[in-house]
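Take a look at the structure below.
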Amino acid sequence: MKKPNFLFFVFITLFFSCSNHERQLGKRVFRYNEAANITSLDPAFSRDQSIIWATNQLFNGLVQLNDRMEVRPCISRSWEISSSGLEYVFHLRSDVFFHDSPAFRDGKGRRVVASDFIYSFRRIIDPSVASPGAWIFNNISFNGDKPPFEALNDSTVIVRLNQPFPPFLGLLSMQYCSVIPFEAIEFYGAGFRRNPIGTGPFIFKMWEEGVKLVLVKNPAYFESMNGERLPFLDAVAITFVADKQSAFLEFIKGNLDFLSGIDPTYKDELLTHDGKLQPKYAQKIMLITQPYLNTEYLGFMVENQSQGKEVPAILDKRLRQAISLAFDRKKMIRYLRNNIGTPGYQGITPKGLPSFDSNHIFYDYNPQKARQLLAAAGYPGGKGLSSLTLTSTPDYLDICKYIQHQVASIGLDLKIEVSPPAAVKEMKAEGKLSFFRASWIADYPDAENYLSMFYTRNFCPKGPNYTHFSNPDFDRLYEKSMSTIDDSLRRVYYKEMEHIMMEEAPVVILYYDQVLRFVQKNIQGLNSNPMNLLTLKQVKKL
């Protein structure tokens, strides 16, 4: 095993001193490590899972999802949707208060009212804020005499749309749509990113960036379970050790309560070859697993950005299709992921959504057909084709090397460029990568969330179309699906869109992921869900 670095020993010193103090106080502190770091605690920037997990403990919205991905009340106790599907009316609870903060005149958090949601929603779409979540309100109505967001009174919020959008309630469950007080922005300004004030089950306590984040119990939280006020934990402590192997060792020693996902450095230590928990850990930890609404893929920039220079070969879909056919996904899952996940034969929509079609295979392992496509594109055996560069983060280097080896058999010279996650995210969002590894975790449980990645109007950086895929037939079907309330008809459109996109091949589907949660045996109530959202308000630590 690789030796932990100096920073790890600094972390250990800080971690154990805090942990000993917690034990002396008898506090029930839930501890986990976030290797990806956190750049902001402002829900308007909840783009990455690391931020989403943290803001989910600090903030609430109108609605929330349960573990079955069903929309349930949150700050909104009930709602009505007009027969046209264009107007949503939400009725708020009267017992929800913002966290205490010096941003308020007397330091005490005030009650949430409807105008707070109007302020929060307007802030999301304010160009000066530059929230990456602005796209979620692309469909609000600015036409006519009525505003898109309206506070009818202190307890009634109205949202108006341009056209029906059936997934809208699920979309409102996203952390982007959390309610915040205007006083906090006026008081902290840009500093709100590290001084968050919400309504959630936990309150911000301290954050030493890159080292540790601590959240403490909100004693005035409005939700309860079986007559007992939530949350059950006293605090949440999040550390930021980038070395996943080091964090794994701390989990095994009991210094972390929870470990999410699997890393190549310890996968064989924790899992058998068929994806089960190793018997030697059965008495100490629990494995919670289920299908994950996360599609892992390779993306191509398919917009011609050559500006008069030689057109890149990758713009020929036959070359992209050949790459999809040139590697064995089943072997990849078996040997590199211990059979965790499902080979990505079907399309961008992952297993676990109703639109997932297990009977239709777009690209299986077929090196002979891949060679034929390569020859048809004018590169028989790869002759005359310049090397391709695939950009990835370190976590997926093993998979990229596997693909590199496999595509070499059809004559493709693939080079791999490894960059830090933050750099890859930025370059991808700015459309600067011609070939990249990526993943899409569902923001809300509807296939539209995945198909929106290929809608022309969603070109990055303002939208999720990182490949700059554009097809008029796809766009037409996408717009029809958005205005269709009938679920069964929408799924017909979804399948047609999937076929168009997969034929044009702006992406190579790798696999559909699986939620893996390793939990200490003294933790209760930490459930799982298809979006891998971390919710700690119902967790108990014995």
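Among the residues of the stretch 484-542, write down those that are in a strand (DSSP E or B) and within 30 Å of residue 391 (Cβ to Cβ).
So in the stretch 484-542, the residues in a strand (DSSP E or B) come out as 507-520, 523-524, 540-541.
Matches in the stretch 484-542: 507, 508, 509, 510, 511, 512, 513, 514, 515, 516, 517, 518.
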Counting just the residues of the stretch 144-186 that are of a type in the set (D, E, K, R) and part of a loop (DSSP other than H, G, I, E, B), which one comes out nearest to residue 88 (Cα to Cα)? 146
Index of the failed condition, residue 401 passing every other in (1) modelled with pLDDT of 95 or more; (2) part of a strand (DSSP E or B); (3) surrounded by fewer than 21 Cβ atoms within 10 Å (Cβ to Cβ): (2)
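Go over the candidates 416, 410 one by one and state the one that is part of a loop (DSSP other than H, G, I, E, B), of a type in the set (A, V, I, L, M, F, W, C) and modelled with pLDDT of 95 or more. Give the derivation first.
Working: 416 fails: part of a loop (DSSP other than H, G, I, E, B).
The match here is 410.
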Could you check the stretch 271-280 and list, in sequence order, the residues that are assigned to a strand (DSSP E or B) and small (Gly, Ala, Ser)? none
Determine if the stretch 276-288 includes at least one residue that is within 30 Å of residue 502 (Cβ to Cβ) and either of a type in the set (Gly, Ala, Ser) or without any contact (Cβ under 8 Å) to a residue 24 or more places away in the chain (or both). no
Between a first residue in the stretch 235-252 that is within 22 Å of residue 57 (Cα to Cα) and touching a residue at least 60 places away in the same chain (Cβ under 8 Å) and a second residue that is of a type in the set (D, E, K, R) and in a helix (DSSP H, G or I), which pairs have beta carbons less than 9 Å apart while being 6 or more apart in sequence or on different chains? 235/22; 237/22; 239/250; 241/250
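Out of curiosity, is residue 116 assigned by TED's automatic domain parsing to the domain that holds residue 176 and among the charged types (D, E, K, R)? Walk me through it before giving the result.
Values: assigned by TED's automatic domain parsing to the domain that holds residue 176: yes; among the charged types (D, E, K, R): yes.
Spelling it out, residue 116 is indeed assigned by TED's automatic domain parsing to the domain that holds residue 176 and among the charged types (D, E, K, R).
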Tell me, yes or no, whether the stretch 106-122 has at least one residue that is closer than 25 Å to residue 464 by Cα and in contact with a helix residue (DSSP H, G or I) (Cβ under 6 Å, 6 or more places away or on another chain). yes
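Quick one: count up the residues across the stretch 424-442 that are more than 18 Å from residue 391 (Cα to Cα) and either basic (Lys, Arg) or assigned to a loop (DSSP other than H, G, I, E, B) (or both). Can you show your working first?
Let us first name the residues in the stretch 424-442 that are more than 18 Å from residue 391 (Cα to Cα), namely 441-442.
Now narrow it down to the ones that are either basic (Lys, Arg) or assigned to a loop (DSSP other than H, G, I, E, B) (or both): 442.
Residues that pass the stated criteria total 1.
With the structure loaded, tell me whether residue 316 is more than 27 Å from residue 36 (Cβ to Cβ), among the acidic types (Asp, Glu) and out of contact with any His (no Cβ under 9 Å at 6 or more places or on another chain) or whether it fails that test. Outline the logic, then answer.
Details: more than 27 Å from residue 36 (Cβ to Cβ): yes; among the acidic types (Asp, Glu): yes; out of contact with any His (no Cβ under 9 Å at 6 or more places or on another chain): yes.
Answer is yes for this residue.
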Search the stretch 128-143 for residues being touching a residue at least 40 places away in the same chain (Cβ under 8 Å) and assigned to a loop (DSSP other than H, G, I, E, B), and hand back the single one that is farthest from residue 52 (Cα to Cα). 141
Please enumerate the residues belonging to the stretch 443-474 that are at pLDDT below 90 and assigned to a loop (DSSP other than H, G, I, E, B). 443, 444, 445, 460, 461, 462, 463, 464
When the residues of the stretch 419-435 are narrowed to those that are surrounded by 15 or more Cβ atoms within 10 Å (Cβ to Cβ) and of a type in the set (A, V, I, L, M, F, W, C), which ends up modelled with the highest pLDDT? 435
The one condition residue 531 fails out of (1) modelled with pLDDT under 95; (2) over 23 Å from the mean Cα position of the chain (by Cα); (3) farther than 21 Å from residue 285 by Cα is (2)
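The values are calculated or read from the model by the stated rules, or taken from the named source; none is laboratory data. What you see is a predicted model; the values in this text were computed from it and never measured. Cβ atoms come from the backbone with ideal geometry, glycine included; neighbour counts cover every protein chain shown.
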